[in-house]
Amino acid sequence: MLEDKKIILAVTGSIAAYKSAVLLRLLIKAGANVKVVMTEAAQTFIAPLTFSTLSKNPVYSTFVDREGAVWNNHVDLGLWADLIIIAPASANTLAKMSHGLCDNLLTAVYLSAKCPVCVAPAMDRDMWLHPSTQENIERIQSFGNQVISVETGELASGLVGAGRMAEPENIVQYVETFLADKEDKVLAKKTVLITAGPTQEAIDPVRFISNHSSGKMGIALADTAAQQGAKVQLVLGPSSFRPKHPNVEVISVKSAEDMFQAVDTRFDEAHLIIMAAAVADFTPETTSNEKIKKKGKDDGMSIPLKRTKDILKTMGERKKDHQMLVGFALETQNFIENAQRKLNKKNLDFIVLNSMREKGAGFQHDTNKVTILDRHNNIEKFELKSKQRVAKDILAYAVSLEQKSKEE
């Protein structure tokens, strides 16, 4: 949810400011572009250099720089941001937000912003419980601001109680959930069936035939579809990765036959089916119940193979008018020709083409570079992106193609 989001992290005067450096790291790791705004008091707790180094952006704290030559435009900053996170938010800043006071750059940016604002308060227990603070919290919530609940524990004063700023990981989780709730639910009331990961074809109890697929692309598709309101069923081959969205149902499988059975029983109820798994084309004709031993020093071993069921082709033959079927093609040569042939042969609505020749694309990477070919002979090429962004592109293409079909 934070991929490419423009976020202002506003830091106020609190001992909890050290946590903001951790929060900044987590936001950047999640793909956000972050600019930091600090109050003068915040700089007594942590140096701006820490934030500028981590964010790779200048830190803003005054309306003009020290030489008086550069104007830090609070209006531009407020309009730039997709989200403002004030963490920690001191009692003083909460009071200013509540009453519209504007005596520093941070509050000026806040009053200029058009985007959502999330506030993570931090203060001592008695300050937090004071009626004036609680009234200020209620007031800023009434303005539409999101307040991330304080946590209970040991405070800087030595007291134990409520008032601790939420842990950075909890703030990120809150923000992601908040943004997911705001996202257009373009797949609401849709059932999306996705396959992902490799399959393992057993030779004996300890050996198998497989491939290098991690499942990351299919998992990104599942998370994104769930964020967009879909009921998601993810048929996942052996993978160390799992979807993050709680509304993704995971059906774990091992072999190509397992995956076929899982898809077969769920196919008819699905509106959108995306076959992103790297399913084995061949499986051993027989599987030994015991570990196969070497017979001699120089003896080789031959393993007769048979074709697995072609899940994509079978489902393409079963596809109804209200269903959309999407396949993937990973090629090393004749990319467009091979993908076009697969698109037609398997009765797909569109196919997502990956090239093993593209740096940063294909198996194991966190990024991908794809080309989409559809049944109307359209070809659209996309730049190298994170797999989360690629997932959004693929789902947007599916929604657009469905809309065009309705208009025909």
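All of the numbers you see were taken from the coordinates with simple rules; none came from a lab. Please read these numbers as outputs of a predicted model, since none were measured by experiment. Heads up, the Cβs are rebuilt from the backbone with ideal geometry, glycines too, and the neighbour counts pull from every protein chain shown.
If a/c stays under 1.5 just call it rounded; otherwise compare a/b with b/c (prolate if a/b is bigger, oblate if not). Do that for segment 6-182, with a ≥ b ≥ c from the square roots of the Cα gyration tensor eigenvalues. Don't skip to the answer; put the middle values down first.
On the way: a/c = 1.34, a/b = 1.31, b/c = 1.02.
Because its axes are fairly even, with a/c under 1.5, segment 6-182 counts as rounded.
Restricting to Cα pairs below 8 Å that are 6+ residues apart, what does the relative contact order work out to for segment 212-260? Please round to a whole percent. The partial results should precede the final answer.
Numbers: 60 pairs, mean separation 17.8, N = 49.
Computed over segment 212-260, the figure is 36 percent.
Highest first, please rank the peptides 76-88, 102-114 by the mean number of other Cβ atoms sitting within 10 Å of their residues.
Details: 76-88: 21.5, 102-114: 19.1.
In decreasing order of mean packing, 76-88, 102-114 become 76-88, 102-114.
Among I372, S405, T39, whose Cα lies farthest out toward the positive end of the dipole of the chain, if unit charges sit on the beta carbon of Lys, Arg (+1) and Asp, Glu (-1)?
I372
Between rounded, prolate and oblate, where does segment 272-342 land on the alpha carbon gyration tensor, with a ≥ b ≥ c its root eigenvalues, rounded for a/c under 1.5, else prolate if a/b exceeds b/c? Show your work: numbers first, answer last.
Working: a/c = 3.91, a/b = 2.12, b/c = 1.85.
Judged from the Cα gyration tensor, segment 272-342 comes out prolate (a/c at least 1.5, a/b above b/c).
Among bridges DSSP assigns within the chain, what percent are antiparallel (round to 5)?
Details: 20 of 64 bridges.
The antiparallel fraction comes to roughly 30 percent.
By the gyration tensor of its Cα atoms, with a ≥ b ≥ c the square roots of the eigenvalues, what is the shape of segment 1-105: rounded for a/c under 1.5, prolate for a/b over b/c, or oblate? Show your work: numbers first, answer last.
On the way: a/c = 1.30, a/b = 1.19, b/c = 1.10.
It is rounded, given that a/c, with a ≥ b ≥ c, falls under 1.5.
Sticking with the crude label model, points 7 Å out along Cα→Cβ, report the distance from S288 to D204 in nm, one decimal please.
Here the answer is 0.3 nm between the modelled labels.
Near K381, which lysines are there with a Cα under 17 Å away, not counting those fewer than 8 places off in the same chain?
Straight-line reach from K381, under 17 Å: K359, K369, K392.
Going by how many other beta carbons lie within 10 Å of each one, how would you line up M356, M217, M324, M275, fewest first? Spell out each step's value before the answer.
Working: M356 12, M217 30, M324 21, M275 26.
Final ranking by Cβ density, sparse to dense: M356, M324, M275, M217.
Would you work out the charge dipole size for segment 6-182 about its Cα centre, treating the Cβ of every Lys and Arg as +1 and the Cβ of every Asp and Glu as -1, and quote it to the nearest 20 debye? Before the final figure, lay out each step's value.
On the way: 13 positive and 16 negative charges, 78 e Å.
Computed about the Cα centre, the dipole is about 380 debye.
Using DSSP to define loop residues, name the GluC sites (Glu not before Pro) in segment 154-190 whose beta-carbon has at most 14 other beta-carbon atoms within 10 Å.
On the way: sites: E154, E169, E176, E183; in loops: E183.
Listed in order of number, the matching sites are E183.
Of the peptides 189-202, 40-53, how do they stack up when ordered by the mean number of other Cβ atoms within 10 Å, highest first?
Numbers: 189-202: 23.6, 40-53: 16.1.
In decreasing order of mean packing, 189-202, 40-53 become 189-202, 40-53.
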